[in-house]
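First comes the structure, then the notes that go with it.
Coordinate-derived values only; no laboratory data. Because the structure is a prediction, the values reported are computed rather than measured. When we count neighbours, we look across all protein chains shown, and the Cβ atoms used for this are built from the backbone with ideal geometry, even at glycine.
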Amino acid sequence: GQQLNQSPQSMFIQEGEDVSMNCTSSSIFNTWLWYKQDPGEGPVLLIALYKAGELTSNGRLTAQFGITRKDSFLNISASIPSDVGIYFCAGQRTGNQFYFGTGTSLTVIP
Amino acid sequence: DGGITQSPKYLFRKEGQNVTLSCEQNLNHDAMYWYRQDPGQGLRLIYYSQIVNDFQKGDIAEGYSVSREKKESFPLTVTSAQKNPTAFYLCATARDRGSPLHFGNGTRLTVT
């Protein structure tokens, strides 16, 4: 099965800094999703994107569906300690399964 | 209270034993999925079901079996044929095949 390339693998940032991460694929997707996972818990859906070029916000989080449809980006502004966790992207071609990235581990230093 | 319930949270088994992981949902979602998560890796699809009494193999179905006798329930059996069963198992549901996935809180299976 296909896995998406997510970068960076890990990030260590100071509280208050902005964060950027991205996800790339060799295939075109029609849907991109972003999830956050806390240790020992299931992933929680943050943002869903359905159209190339789409920019969607959820509080301090902003995600974009890349124009090429082969990538997506997630930004977190003014990070806080509770942003700590692993962020996953997922892509889907219509009617097919979702494929997941390998995750970006975020550590926020107070 | 709507949601996806996976039980138990932690499961320990001896090698050679089959074990069944439970997944129940009251979201009235049609589609249900089982994923496996290993450290440092993304989620890999084991099986999925779009309707009752029907299910399809995912990318890593070998050594696993499922059933979908009720809309609310999609249990996963890890058989003794699964070579590396120790992992974190996640159940997910979706309103339909193209809708975003919603996950349960997982079951951590340890086989020794």
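Please specify each residue of segment A:87-110 satisfying the condition of being surrounded by fewer than 21 Cβ atoms within 10 Å (Cβ to Cβ) and out of contact with any Pro (no Cβ under 7 Å at 6 or more places or on another chain).
Initially, segment A:87-110 is screened for residues surrounded by fewer than 21 Cβ atoms within 10 Å (Cβ to Cβ), giving A:92-97, A:102, A:105-110.
Passing the criteria: A:92, A:93, A:94, A:95, A:96, A:97, A:102, A:105, A:106, A:107, A:109.
State which residue pairs qualify: first residue within 11 Å of chain B (Cβ to nearest Cβ) and closer than 16 Å to residue A:98 by Cβ and inside segment A:26-43, second residue part of a loop (DSSP other than H, G, I, E, B) and of a type in the set (Gly, Ala, Ser) in any location, beta carbons under 6 Å apart, and separation of 6 or more residues or different chains.
Close Cβ pairs satisfying both conditions: A:42/B:104; A:42/B:106.
Could you tell me which residue of segment B:1-51 is nearest to residue A:36 (Cα to Cα), considering only residues that are crowded, with 16+ Cβ neighbours inside 10 Å and of a type in the set (Val, Ile, Thr)?
Taking the candidates together, the pick is B:4.
Which numbered condition in (1) touching a Ser or Thr at 6+ places or on another chain (Cβ under 7 Å); (2) of a type outside the set (S, T, N, Q); (3) in contact (Cβ under 8 Å) with a residue 40 or more places away in the chain; (4) at the interface with chain B (Cβ under 10 Å from one of its Cβ atoms) is the only one that residue A:50 fails?
(3)
Enumerate the pairs (first residue in segment B:101-112 and more than 16 Å from residue A:44 (Cα to Cα); second residue anywhere and among the hydroxyl-bearing types (Ser, Thr, Tyr) and outside any strand (DSSP E or B)) with beta-carbon separation below 9 Å, excluding pairs fewer than 6 apart on the same chain, so at least 6 apart or on different chains.
B:108/B:86; B:109/B:86; B:110/B:86; B:111/B:86; B:112/B:86
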